[in-house]
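Remarks on the structure that follows.
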Amino acid sequence: MLLGIDPLLNADVLHVLRSMGHGDDLIVADANFPAEAISRQTVHGRPLRIDADIVRVMQAVLSVMPVDTFVDDAFGRMEVVGKPDEIPEVQRQVGRLIEGTGTRMVGIERFAFYDRAKKAYAVIQTQERRFYADFAVRKGVIPPEA
C-alpha cells in the first residue's frame with residue numbers, strides 16, 4: 001500500500017501509467033472486450049486486469065493520470081452498434097468523471113475503436129459486465145506548477 005494511491009492500482013498498472021507519455025492511449029474495457037488478442041498489438045503487449053466495475057476503475061486511473069486537453073478525441077467511448085448517438089447509462093456514469101477536466105467524451109465506431117486499441121500503450125480489462133463499457137483515454141501532461 002502507498003499513501004495517496006488508490007489501492008485498485010496494482011504495481012503492474014502503476015508501472016504502465018508511469019511509463020506512458022503525453023499522447024499515449026490507455027484502453028479501459030469491460031469483461032467482454034477481446035483484451036488478450038488486442039493487447040498483443042499494444043506497446044505493453046499483454047492485458048492488465050483490475051477486478052472491479054468500470055466506474056470504480058476509471059476513478060482510480062483518473063486519480064493519477066491526466067487527460068490530454070490538446071485534442072478533441074482524448075476521451076473516447078465505443079459507440080453502440082447501429083445507434084451511434086445512444087449513450088448507455090454506464091457511459092454516462094463514466095462521462096461524469098471527466099466533467100470539468102477540459103475534455104469531453106466522443107463516440108468511436110466499434111471497429112475503429114478496436115483499431116485505436118491496437119495502437120494503444122496498454123489495455124486494462126475490468127470485471128464490468130454492462131455492454132459498451134469500453135473507453136480510450138489519451139494521457140495528458142502535468143504542468144510545472146502542479
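The values are calculated or read from the model by the stated rules, or taken from the named source; none is laboratory data. This structure is a prediction, so every number in the text was calculated from the model and none was measured. FYI the Cβ positions are ideal-geometry reconstructions off the backbone, even for glycines, and counts take in every protein chain you see.
Before moving on, here are some points about what is shown:
- Unmet requirement for residue 52, which otherwise passes all of (1) under 12 Å from the mean Cα position of the chain (by Cα); (2) under 16 Å from residue 128 (Cβ atoms); (3) not β-branched (Val, Ile, Thr): (1)
- Close pairs (7 angstrom Cβ cut-off, 6 or more residues apart or separate chains): more than 10 Å from residue 121 (Cα to Cα) in segment 12-35, of a type in the set (Val, Ile, Thr) and in a helix (DSSP H, G or I) anywhere: 28/54; 28/57; 28/61; 30/54
- Among the residues of segment 58-94, the ones that are closer than 20 Å to residue 125 by Cβ and in a helix (DSSP H, G or I) come to 9 in all.
- The C-beta contact set for segment 106-129 (first residue over 15 Å from residue 74 (Cα atoms), second residue part of a strand (DSSP E or B) and among the basic types (Lys, Arg), distance under 9 angstrom, 6+ apart or interchain) comprises 124/49; 125/49; 126/49; 127/49.
- With respect to the conditions (1) at pLDDT below 95; (2) not in a loop (DSSP other than H, G, I, E, B), residue 27 falls short on a single one, namely (1).
- The set of residues in segment 90-120 that are under 21 Å from residue 71 (Cα atoms) and in contact with a Lys or Arg (Cβ under 8 Å, 6 or more places away or on another chain) comprises 91, 94, 95, 98, 105, 106, 107, 108.
- Restricting attention to segment 130-146, the residues that are outside any strand (DSSP E or B) and in contact (Cβ under 8 Å) with a residue 24 or more places away in the chain total 8.
- In segment 84-101, the qualifying residues are those that are in contact (Cβ under 8 Å) with a residue 12 or more places away in the chain and surrounded by fewer than 13 Cβ atoms within 10 Å (Cβ to Cβ), and the one that is nearest to residue 62 (Cα to Cα) is 89.
- Residue in segment 45-57 that is nearest to residue 89 (Cα to Cα), counting only those that are touching a helix residue (DSSP H, G or I) at 6+ places or on another chain (Cβ under 6 Å) and assigned to a loop (DSSP other than H, G, I, E, B): 50
- Taking the criterion of being modelled with pLDDT of 95 or more, out of contact with any strand residue (DSSP E or B) (no Cβ under 8 Å at 6 or more places or on another chain) and within 29 Å of residue 18 (Cβ to Cβ), the residues of segment 71-127 that qualify are 90, 93, 96, 97, 112, 114, 115, 118, 127.
- Selection from segment 56-83 of residues that are in contact with an Asp or Glu (Cβ under 8 Å, 6 or more places away or on another chain) and surrounded by fewer than 19 Cβ atoms within 10 Å (Cβ to Cβ): 59, 63, 64, 80
- Complete set of residues in segment 30-43 that are part of a loop (DSSP other than H, G, I, E, B) and buried (at least 20 other Cβ atoms within 10 Å of the Cβ): 30, 33, 42
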